[in-house]
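The values are calculated or read from the model by the stated rules, or taken from the named source; none is laboratory data. What you are looking at is a predicted structure, and each value in this text was computed from that prediction instead of being measured. Quick reminder, even Gly has a Cβ in these numbers, built from the backbone with ideal geometry, and neighbours come from all protein chains shown.
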Amino acid sequence: MNLSELKEKTLFDWFKDTRFSDIQQTSKYSYTDAYIPSLNVYVEFKCRREHYDALLIEKPKWKHLHKLPNCRYINSTPRGIYSFNMSVMAQPSWHMRVMPRTTNFENKDKIIKEVGYLHIRQAVELTDSFLEYNLDN
């Protein structure tokens, strides 16, 4: 599988098939994509089309994810899959940046957003496990 074409649904299915059979999708409008009842862990998936060593996070998302008792922010890029333990992450430096209002919807109006960056060296890399699974299936 080409990591640059990865979708959040594929990551969710991989987690369900290989790691946590009890993972459940959360509401479409939630700050998280999934919940794992057996571990009391929330998961937010983000699939990016380009690789950066420092991955962007919007401040409202950070604030919500960071206050959950157990939360993983899992980002894929064309070079890898990275899992950030939001419970222990230090708050990033915040910057104002002009960005599209949304990324996957028709409204491409530009607005100013407060964003920070999480460096991939702060994450656990999941790439090899994901690629092994996809080679076997």
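Scan region 49-85 for residues that are closer than 14 Å to residue 32 by Cα and among the hydrophobic types (A, V, I, L, M, F, W, C) and jot them down.
Within region 49-85, 57, 62, 65, 68, 71, 74, 84 qualify.
Can you name the residue in region 87-111 that is hydrophobic (A, V, I, L, M, F, W, C) and at pLDDT below 95 and is also nearest to residue 9 (Cα to Cα) among such residues?
Ranking the qualifying residues of region 87-111, first place goes to 105.
Could you please let me know if residue 76 is surrounded by 11 or more Cβ atoms within 10 Å (Cβ to Cβ) and under 20 Å from residue 125 (Cβ atoms)?
Spelling it out, residue 76 is indeed surrounded by 11 or more Cβ atoms within 10 Å (Cβ to Cβ) and under 20 Å from residue 125 (Cβ atoms).
Across region 2-30, what is the total count of residues that are surrounded by 14 or more Cβ atoms within 10 Å (Cβ to Cβ), over 18 Å from residue 82 (Cα atoms) and touching a Pro at 6+ places or on another chain (Cβ under 9 Å)?
1
Give me a count of the residues in region 22-44 that are out of contact with any Ser or Thr (no Cβ under 8 Å at 6 or more places or on another chain) and either within 21 Å of residue 120 (Cβ to Cβ) or at pLDDT 90 or above (or both).
Total meeting the criteria: 9.
Condition first: within 15 Å of the chain's Cα centre (by Cα) and surrounded by fewer than 14 Cβ atoms within 10 Å (Cβ to Cβ). Now tell me which residues in region 31-51 satisfy that.
The answer is 49, 50.
Select from region 16-60 the residues that are basic (Lys, Arg) and touching a residue at least 24 places away in the same chain (Cβ under 8 Å) and list them in ascending order. Working first, answer last.
Initially, region 16-60 is screened for residues basic (Lys, Arg), giving 16, 19, 28, 46, 48-49, 59.
46, 48, 49, 59 - these are the residues of region 16-60 that are basic (Lys, Arg) and touching a residue at least 24 places away in the same chain (Cβ under 8 Å).
Under 7 Å between Cβ atoms, at least 6 apart or on separate chains: pull out the pairs that start in region 1-15 with a residue that is at pLDDT 85 or above and end on any residue that is surrounded by 13 or more Cβ atoms within 10 Å (Cβ to Cβ) and among the aromatic types (Phe, Trp, Tyr).
So the pair list comes out as 8/45; 11/45; 12/45; 14/130; 14/133.
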